[in-house]
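Note sheet for the following structure.
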Amino acid sequence: MFSLPNRIARSLACLLLVLSPIVSRAEAGVSPNRILLGQSAAFSGPAAQLGIDLNAGARLYFDQVNRQGGIHGRKIEIVTADDKYEPALTVENTRRLIQNDQVFALFGYVGTPTSNAALPVFTSARVPFFAPFTGALSLREPFNRQIFHIRAGYVEETEHLVDQLARVGIRNIAAFHQNDAYGQAGLDGVKWALGKRSMILVDSATVERNSNNVGQAAQRLLAKRPDAIIQISTYAASAALVKQMRTAGYTGQFHNVSFVGSQPLAQALGADGQGVGVSQVVPFPWKASNPVVAEYTRALKNEGKGEPNFSSLEGYIAAKVFAEGLRRAGADLNREKFIAALETITLKNYDIGFPVEFSPTRHTGSTFVDMTVITKNEKFLN
């Protein structure tokens with residue numbers, strides 16, 4: 001015969017055993033009416049426009065979803081943290097987002113050195129890392145189940161750029177690159193694409209991250225007089241190099257990978273921008289015949305959120321694919337179900353006008369690359 005206190009204690013223990021599976025299913029960042037995401041990106045400093053535009057495009061889509069009741073009754077919110085495009089700040093932000101804010105997933109990080117710095121943090125915590133704004137191979141190989149890419153890699157972009165130049169007979173090619181993991185990733189891609197065609201890089205010059213001090217790089221490249229320069233940097237430094245070299249009489253071509261930030265580059269260049277090329281990893285934002293572009297531009301107009309641009313379109317597409325993963329994961333949401341749900345997205349069952357396809361062994365969703373050229377009045381030609 002048990003005394004009353006022992007009987008109560010035993011009953012409570014039984015109750016806890018019954019409830020424990022329910023408690024264990026609770027996931028960080030998920031409540032009955034909310035899903036919380038975290039984004040560390042440059043929101044100030046020389047690369048700020050990249051983070052601002054990517055975030056604006058994502059919020060544009062998520063706001064639409066939220067007004068319609070969210071996904072399975074949950075609205076999507078993003079907590080942002082400014083890392084100024086500096087890896088040490090990114091690590092600090094990532095730890096805080098995971099540990100203090102208890103986010104469900106990390107979304108839309110900007111940059112290779114910053115994302116590389118966050119890699120061990122989110123991998124150890126087993127937090128999904130979705131749509132980083134980088135094409136670095138270091139975040140694609142070896143395969144990491146937590147990472148999902150929306151954009152093509154720098155290997156695909158630099159291959160496209162070199163191919164376009166080689167097709168018109170330009171073989172005398174140099175590179176200007178940021179002196180960090182991003183610049184090295186792009187430089188490796190350029191060298192690989194040149195080697196594939198039995199060509200060699202004429203020369204290369206560097207600029208430090210978050211710096212516009214390109215004087216030495218300009219002098220070095222001017223001495224070689226290449227026919228074309230492939231730039232792997234951000235908009236401020238790339239524009240500074242173009243302006244200095246044009247002033248010095250250089251008449252060759254400049255081409256950039258998409259991470260540069262197309263509209264900010266055009267604005268920074270002004271009259272010097274005409275003819276500068278930029279590879280793109282999303283559809284042309286003014287191509288109304290494309291379904292996702294039409295949807296995006298309609299949303300911009302309805303919300304009065306300004307003019308289309310490549311980076312905000314990328315954010316919009318990333319948010320749209322993320323939401324599709326949430327829908328497929330079902331109402332009983334956790335990270336494992338979300339990852340498995342994303343892996344069911346294929347070209348056959350998900351057509352938005354932009355090719356996205358995942359699988360259990362491949363999380364690089366797209367290899368799409370296009371080419372654009374800056375024209376007069378800071379516009380673009382596709």
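Computed from the coordinates by the stated procedures, all read-outs in this text should not be read as laboratory data. Keep in mind that what you see is a predicted model, and the values were worked out from it rather than measured. Using ideal geometry, Cβ is built from the backbone for each residue, glycine included, and neighbour counts are taken over all protein chains shown.
Reducing the range 325-382 and the range 135-164 to their Cα centroids gives an inter-centroid distance of 14 Å. Using the Karplus relation 6.51 cos²θ - 1.76 cosθ + 1.60 with θ = phi - 60°, the per-residue 3J(HN,Hα) values for the range 141-147 come to 9, x, 4, 10, 5, 7, 9 Hz, with x marking Gly and Pro. Model label sites at D332 and S198, defined 7 Å from Cα along the beta-carbon direction, differ in position by 6.2 nm.
How tilted is helix 4-24 with respect to the longest principal axis of the chain? Cα atoms for both, answer in degrees (0 to 90, nearest 10). Approximately 30 degrees, to the nearest 10.
In plain terms, the chain is cut at each of the chymotrypsin sites (Phe, Trp or Tyr not before Pro) found in a DSSP loop with at most 15 other Cβ atoms within 10 Å, and the longest leftover piece is 144-285. Entry note, the chain: relative contact order of 17 percent, from Cα contacts under 8 Å with a spacing of 6+ residues. Under the convention that each Lys and Arg Cβ holds +1 and each Asp and Glu Cβ holds -1, the size of the dipole of the range 167-319 around its Cα centre is about 460 debye. Near A105, the amide H atoms lying under 5 Å from its own belong to G38; only residues 5 or more places off or on other chains count, and H is placed 1.01 Å from N.
For the pairs K348/K376; K196/K320; K84/K243; K191/K348; K84/K196, note any where the Cα-Cα span goes beyond 31 Å. Beyond 31 Å between Cα atoms: K348/K376; K196/K320; K191/K348; K84/K196. Toward the positive end of the charge dipole of the range 154-280, with +1 on the Cβ of Lys and Arg and -1 on the Cβ of Asp and Glu, the farthest Cα among A166, G277, A236 is that of A166.
Karplus-based coupling profile of the range 365-373, in residue order and whole Hz: x, 8, 10, 5, 9, 10, 10, 9, 9, with θ = phi - 60° in 6.51 cos²θ - 1.76 cosθ + 1.60 and x standing for Gly or Pro. Footprinting exposure proxy ranking of T90, T234, fewest other C-beta atoms within 10 angstrom first, gives T90, T234. Working note: Karplus 6.51/-1.76/1.60 with θ = phi - 60° gives the range 123-130 the couplings 5, 4, 7, 6, 9, x, 10, 10 Hz, where Gly and Pro are set to x.
Evaluated with a Cβ-only charge set (Lys, Arg +1; Asp, Glu -1), the range 273-382 carries a dipole of roughly 140 debye about its Cα centre, given to the nearest 20. To the nearest 20 debye, what is the magnitude of the charge dipole of the chain about its Cα centre, counting +1 on the Cβ of each Lys and Arg and -1 on the Cβ of each Asp and Glu? Roughly 540 debye for the chain. State the answer as a single residue: which of T90, A152, G73 lies farthest towards the positive end of the charge dipole of the chain, with beta carbon charges of +1 for Lys and Arg and -1 for Asp and Glu, about the Cα centre. Checking the options against the dipole of the chain, the answer is G73. Each helix, a run of at least 4 DSSP H residues, gives -39500 (n - 2.57); summed and divided by the residues of the chain, these come to -14500 deg cm²/dmol at 222 nm.
Can you tally the net charge around H149? Count Lys and Arg as +1, Asp and Glu as -1, for every other residue whose Cβ sits under 14 Å from the Cβ of H149.
Charge balance near H149 sits at -2.
Distances between every pair of Cα atoms in the range 154-280, grouped in 10 Å steps from 0 to the bin holding the largest one, split as 14, 51, 33, 2 percent. Under 15 Å from a label point 7 Å along Cα→Cβ of K305: give me every residue in the range 36-68 with its amide N that close. From the range 36-68, the list is 51-68.
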